[in-house]
Amino acid sequence: MSARSFPSDFLWGSATASYQIEGGATEGGRGPSIWDTFSHTPGKTLNGDTGDVADDHFHRWQEDVEHIKNLGLGAYRFSISWSRVQPGGSGEFNPEGIRFYSDLVDGLLAAGVKPVVTLYHWDLPQELEDAGGWTNRETAHAFARYARRMAEELGDRIDVWTTLNEPWCTAYLGYGSGVHAPGRTEPLAALQAVHHLNLAHGLAVQQIREVLGDSAKTSITLNLHVFRPDDPSSEADLGAVRKVDALANRAFLGPVLEGAYPADLLENTASVTDWSFVQDGDLEHIAQPLDVLGVNYYSTARVKHFSGEGERQQADGHKNSAGTPWIAADDVEFLPQPGPYTAMGWNIEPAGLTDLLVSLRDSYPDQPLMVTENGAAFEDTVVTEDGVARVHDVERVSYLHDHVDALGQARDKGVDVRGYFAWSLLDNFEWAYGYDRRFGIIRVDYETLERIWKDSAHWYRRLATTNTLPATDDVSPA
Ligand code: PNW
């Protein structure tokens, strides 16, 4: 295979999220979020890890902007901690918190890097959760007010405004399986959260456009799931795929891009709810035209219709939880995958990314796309060579290489994919897995908080600065 080139305006970036990197949890007037509460609750995160300090980005952001600049990236995707800029989630805003993000944005612009902002990456102000969180419709309105204020403060300095990151995780892992904050395990609550998140997105897009006009580029980032039927010729297995596809993908794509919830979703979940929390006019609010749809992609899942005999398999990484993210889907089982796997136990299948992008284009031909997260956790080792610390993360380089190539294959088929963001810029607080799983292209030493470029960072710099993906057999970092 020969090298593959990308157009000069293709956006190469890297991504992070506030709670995963910032630390400074009680500094600068920040209020508590559900992830502070959750991570401080015994048994919720591996080793009891919390984001109290994380990568200390709150104090080291200037150094981090230098790394982004030196990597030659065109864009940086970060999220705003809602409770840092509005401690209670409604009412008073916190000028010191707003200044933190305003300075960060100015720093990025001075470095020639486009800021791609996410308004919500899971850290809901605790006060809002105390009032019901995403099960409460009022949270959507509070989110729209917060979005409006951010548009007023950061204005035209932001390249892309992303409302939500992965509402699937918020709704189903936060309120269904309970492995994420706030740790609730109630099927009805999960579906209410789905709708109120969709509503929050639509209301926020309208507020941002009202403040900034049509020049504002708006977006939502979804973690769309690629489901493979165990037996592609089995009607039952194809039905299983349709059922989880409705819950995971079309529950968001439907309202956001088509202005309707899929009929089969409403039917399949009738034992849980009649969806009467969807009010007249909501879908018109939700279905705002989007400048770009953000897609996060890591892995694929294999599913099968469960006949009811023996024990149902649940090899999707959620089997140890008290609840399930797969609401009203007891007749679907998740089968183990062939591998190879990342340190998360996630199956590595780059072709899934090509398939996903092509199928989105087939369903929504005029919708521009961007891959807003892709990356992998592996067990990294630090070695000292000639007095310099190095991480030869060959598996991560090859993961990134093969997925960028898969993205290129979708572009070859005419899919309008405009950018790629590696997850993550830095090793960070990997939610329920704490600091144990490292996704960074830059290593963070959690004792000294020192940053070390892994080989993948050197490799990514070359890609971002040359717009050329080296051939498969050439994944050398230099
Ligand atoms: C995404 N799942 O999370 C998030 O956007 C990041 O904050 C996170 O660090 C990254 O991917 C790696 O995990 C996910 O269980 C978490 O299917 C869990 C799942 C998917 C995405």
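The values are calculated or read from the model by the stated rules, or taken from the named source; none is laboratory data. Worth saying up front: this structure is predicted, and the values here are computed from it rather than measured. Cβ atoms come from the backbone with ideal geometry, glycine included; neighbour counts cover every protein chain shown.
Of the helices (runs of 4 or more DSSP H) contained entirely in the stretch 19-112, those carrying at least 3 residues that are farther than 19 Å from Thr170 by Cα fall at 57-70, 95-110.
For Ala301, the conditions (1) closer than 21 Å to Ile348 by Cα; (2) surrounded by fewer than 21 Cβ atoms within 10 Å (Cβ to Cβ) all hold with the exception of (2).
Which members of the stretch 127-174 meet the condition of being more than 18 Å from Phe277 (Cα to Cα) and outside any helix (DSSP H, G or I)? Result: Ile158, Asp159, Val160, Trp161, Thr162, Thr163, Leu164, Asn165, Glu166. Criterion applied to Val211, Val205, Val194 was being in a helix (DSSP H, G or I), surrounded by fewer than 24 Cβ atoms within 10 Å (Cβ to Cβ) and hydrophobic (A, V, I, L, M, F, W, C), and the one residue passing it is Val211. Residues in the stretch 184-194: is at least one on the phi > 0 side of the Ramachandran plot and either in contact with a Lys or Arg (Cβ under 8 Å, 6 or more places away or on another chain) or of a type outside the set (Gly, Ala, Ser) (or both)? Looking through the stretch 184-194, none of the residues is on the phi > 0 side of the Ramachandran plot and either in contact with a Lys or Arg (Cβ under 8 Å, 6 or more places away or on another chain) or of a type outside the set (Gly, Ala, Ser) (or both). Of all residues in the stretch 419-446, those that are basic (Lys, Arg) and within 13 Å of the ligand (Cβ to nearest atom) total 2.
For the stretch 230-252, the set of residues classified as part of a helix (DSSP H, G or I) and charged (D, E, K, R) consists of Glu235, Asp237, Arg242, Lys243, Asp245, Arg250, listed by residue number. Taken over the stretch 293-323, the criterion of being modelled with pLDDT of 95 or more and either polar (S, T, N, Q) or away from the ligand (no atom under 11 Å from the Cβ) (or both) is satisfied by Leu293, Val295, Asn296, Ser299, Thr300, Arg302, Val303, Lys304, His305, Phe306.
Residues of the stretch 8-45 that are away from the ligand (no atom under 16 Å from the Cβ) and β-branched (Val, Ile, Thr): Thr26, Thr37, Thr41.
Filtered by the rule that a residue be at pLDDT below 95 and either within 16 Å of the ligand (Cβ to nearest atom) or surrounded by 22 or more Cβ atoms within 10 Å (Cβ to Cβ) (or both), the stretch 131-167 gives no residues. When the stretch 334-368 is filtered for residues that are away from the ligand (no atom under 16 Å from the Cβ), assigned to a loop (DSSP other than H, G, I, E, B) and loosely packed, with under 15 Cβ neighbours inside 10 Å, the ones remaining, listed by number, are Pro338, Gly339, Pro340, Pro365, Asp366. Of all residues in the stretch 175-202, exactly one satisfies the criterion of being within 15 Å of the chain's Cα centre (by Cα) and either at pLDDT below 95 or within 11 Å of the ligand (Cβ to nearest atom) (or both), namely His180.
Scanning the stretch 217-229 turns up no residue that is assigned to a loop (DSSP other than H, G, I, E, B) and among the hydroxyl-bearing types (Ser, Thr, Tyr). Tell me, yes or no, whether the stretch 275-292 has at least one residue that is within 16 Å of the ligand (Cβ to nearest atom), in contact with a strand residue (DSSP E or B) (Cβ under 7 Å, 6 or more places away or on another chain) and part of a loop (DSSP other than H, G, I, E, B). Checked the stretch 275-292: no residue is within 16 Å of the ligand (Cβ to nearest atom), in contact with a strand residue (DSSP E or B) (Cβ under 7 Å, 6 or more places away or on another chain) and part of a loop (DSSP other than H, G, I, E, B). Figure legend. Inter-residue proximity from the stretch 11-30: first residues farther than 18 Å from Ala181 by Cα, second residues assigned to a loop (DSSP other than H, G, I, E, B) and β-branched (Val, Ile, Thr), beta-carbon distance below 9 Å, spacing 6+ or different chains. Indicated pairs: Gly13/Val113; Ser14/Ile441; Gly24/Val53.
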